[in-house]
Amino acid sequence: MKVLDASGRVAEVLRLGLVEGVSIRQIEKRLGISRKTVRKILGRHQAPRPTAAPARGSILDPYEPAIRALLDDVPEMLAPAVLERLRPLGYGGGVTILRDRLRRLRPRGPREAFLTLEFAPGEAIQVDWADFGFAVPGVPRRVSAFVAVLCYSRLLYIEFTFSQSMGSFLRCMERCARFFGGTTAMEIFDNMKTVVLSHTATATVFHPKFLEYARVRGGFTVRACNVRKAHEKGRVERPIGFVRRRFWPGRRFRDLLDLNTQATAWRDDFANGRVHEVTGKVPHLVFEHEEKRLLKPISEKPFDTDDIEGVGVTKMHRVSFDRNRYSVPWRLVSQQVTVRANDDVVSVFLESKPIAKHRRSWDVGQDIQHEAHKQGLLERKPRAAAGALPAALVELGNVGRDYFRVLAAGSRSIHRESARLVLLVEIFGASPTQSAMAEVMRTGHVGAEYIEYVMRHKRGLSPQAAPLRLGNDELDAISLPEPDLAVYDRLAPTSRTIDPGEPPHGDDLP
């Protein structure tokens, strides 16, 4: 080995350690120098650190004072709004770097502290909707999950639907209450429009129909969370995330029924049977042994959970409902009808008389028709075009023809009069309408309001709707008299009576 002098030994240590990167142990073996000496030499001669390059400027730097002024005035101002205000100042960059700069400059408030909410058994349930997008093959509607969780036991209820309407929401609430076997003292909701009409810092206006539902179903208290305060309903927010992470990924299903079948099996076999991450207990066991007996029993009083809309019949004898069209009998063109629907059936009523029923379509833009609804239209339309009685009123016979001949000489709207007479024929029948029409003409009048007054008030006729069957013999046997609505006419008289008076007797005729 070549013997090195002191200066040569230092140079060799530096070469091996700093240039070639040899370890201290290897330098010791090669040069026969103790590790302590090697460390001392290397410590006195550090490699020069590279000079840091000067920070590059940003296109936003000249505009930072303006950005700070905007944020001081409106701290929540979004990047697109800031961009609009920088353009007149000459800023030519994009919004991405502006967002990054706003993230650094925007003042941050103090982090909010939260309390852990505690609930007693049977005290509360939290309910919310979750959106899962266009998930069912071939159905152009978004899938929503109705999720409810008992706050004490953490027992979960989940159901998927195509709609968040009031009817769908109430039907989900009904099935949820029956799943739990009762209701809690308080039910907590997000600000969904079927529960909350408006929510401000000083007042919350609840939907009157839902308040009525709460009263009928045991009188539970309705509580709405504050706006943008998701932590107030954490008992249901976490299960929604749990559903998204554990149930939804990789799930395949044919239709909504298949999806709900799989969700029910997952809910019962896994979600409610696992050891809960927070409580360390099994939700199903806690519910059965501690909470179930404290729920309030479900009232058996019926509550109308149908979707209800008032619509007009188009000239194609269709009614529009939930983005689809359904046919009704052609005679009812221009009539105002009521559409009632549940998850499976769409029914159409003229006042209280059912006039059409269809299977509900969850597609979009479909035309659902029944062949019987256009029966006779092609045969009767030529006579209508010839100037005779309107096609839907042919059953009124000669009395109807005389009536429309007189009507045509006046200033009344024949279209409006025809639509009203079709309504009267449909709900009272052609023969009573014809008889009342003849009586009105004998008094020297024409007008559907006179004919209706004669039938409703003078003759006491009422629409003959199909009886409602509740499935209980005692309830189905109840019969109540029709109220006399004429009392309201006497309480609120109008300046122009619709009573045509009494027709002249035989001795009074000229």
- Separation between the GLU290 and MET186 pseudo-spin-labels, each 7 Å from Cα along Cα→Cβ, expressed in nm? 1.9 nm
- Item | Estimated distance in nm for a label pair at VAL19 and ASP367, the labels positioned 7 Å out from Cα along Cα-to-Cβ | 9.1 nm
- What is the sum of charges around MET316, taking Lys and Arg as +1, Asp and Glu as -1, for the other residues whose C-beta is under 12 Å from the C-beta of MET316? +3
- Rounded to 5, the percent of DSSP beta bridges in the range 132-247 classed as antiparallel: 70 percent
- Message: My understanding is that a pair violates if its Cα-Cα distance is over 23 Å; which of LYS209/LYS301; LYS315/LYS458; LYS315/LYS357; LYS193/LYS296 do that in this structure?
- Response: LYS315/LYS458; LYS193/LYS296
- Item | Förster-model FRET efficiency, 41 Å R0, ARG412 and LYS209, C-beta, rounded to 0.05 | 0.60
- By how many nm would the segment from GLU395 to ARG238 lengthen if fully extended, with 0.36 nm per residue of separation less the alpha-carbon distance? 50.1 nm
- Message: Using a Cα-Cα cut-off of under 19 Å, which aspartates and glutamates could be cross-linked to LYS29, ignoring same-chain neighbours fewer than 8 residues away?
- Response: ASP5, GLU12, GLU20
- Calculated from backbone phi, Karplus (6.51, -1.76, 1.60) coupling profile of the range 205-222 in Hz, x at Gly/Pro: 9, 8, 5, x, 5, 6, 4, 5, 4, 4, 5, 5, 8, x, x, 5, 6, 9
- So LYS29 and GLU64, fully extended at 0.36 nm per residue minus their Cα-Cα distance, gain in nm 6.6 nm
- Measure out, as a whole number of angstrom, how far apart the alpha-carbon centroids of the range 143-162 and the range 292-333 sit. 25 Å
- Roll a 1.4 Å probe over the protein chains and send me the accessible area per residue for the range 69-206 in Å². 48 Å²
- Note on the structure: Around VAL205 (Cβ within 14 Å, Cβ-to-Cβ, excluding VAL205; K/R +1, D/E -1) the net charge comes to +3
- Query: With all protein chains present, how much of the accessible area of the range 162-310 (probe radius 1.4 Å) comes from carbon and sulfur, to the nearest whole percent?
  - Reply: 54 percent
- Item | Accessible solvent surface per residue of the range 284-365, calculated while the other protein chains remain in place, 1.4 angstrom probe, Å² | 53 Å²
- Message: Quick check: pseudo-label points 7 Å beyond the Cα along Cα→Cβ at ASP473 and LYS40, how many nm apart are they?
- Response: 11.4 nm
- Query: How much accessible surface does MET441 have with a 1.4 Å probe, in Å² rounded to 10?
  - Reply: 60 Å²
- Item | Ranked order, LEU475, LEU170 - accessible area, probe 1.4 Å, largest first | LEU475, LEU170
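The values are calculated or read from the model by the stated rules, or taken from the named source; none is laboratory data. It should be emphasised that the depicted structure is a prediction, and the values quoted were computed from it without experimental measurement. Note: ideal-geometry Cβ built from the backbone for every residue, glycine included; neighbour counts use all protein chains shown. SASA here: full protein model, heavy atoms, side chains in, ligands and nucleic acids out. Shrake-Rupley method; radii C 1.70, N 1.55, O 1.52, S 1.80 Å.
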